[in-house]
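A.B. asks: Below you'll find the structure I mean.
The values are calculated or read from the model by the stated rules, or taken from the named source; none is laboratory data. This structure is a prediction, so every number in the text was calculated from the model and none was measured. We place every Cβ from the backbone using ideal geometry, glycine too, and count neighbours over all the protein chains shown.
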Amino acid sequence: MKKIFISMLFISICISISAQLTEPVHKLTKQDYLQKSKNQKTTGRVLLVGGTAMIVAGAVVGSTFEEPKGVLEIFSKGEVIGFCLFMAGAVVDLASIPFFISSAKNARKAATITLSNQQINVPNSKSLVVKSIPSVTLKIRL
């Protein structure tokens, strides 16, 4: 009886595991990709501006000409702090690059080819007539 119960339990677990969905339930739409691209571009810009500001601040702080106070000190406090700010700014600038790359990829995914009707002006004997013709449209949001 024990073996039958354990076997049935094992079979029911295996069936429920194999019955799971493998495709994602929510597929991203064009608007989702555009919003994601915009958010990533904003994040990249914030990191780039912040990192550049840290680099400039580090250069200014590090360029103060203080003499080291101790005999064994090689660098002054201003030089050490300036160098740390400079390097942290460089790391933040480099961290912005993946956000710009991801933003461009999502913007390319949002570019769509659609079928639509375009209005064109067709010359008539004395005037222009507006006609609607089917066309293939490639939309790229900049």
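A.B. asks: Of Val80, Val25, Val71, Val91, which residue is surrounded by fewer than 13 Cβ atoms within 10 Å (Cβ to Cβ) and at pLDDT 75 or above?
C.D. replies: Sole residue among the options that is surrounded by fewer than 13 Cβ atoms within 10 Å (Cβ to Cβ) and at pLDDT 75 or above: Val91.
A.B. asks: Filter the stretch 33-52 for residues that are among the aliphatic types (A, V, I, L, M) and out of contact with any helix residue (DSSP H, G or I) (no Cβ under 7 Å at 6 or more places or on another chain) and give the result.
C.D. replies: Correct list: Val46, Val49.
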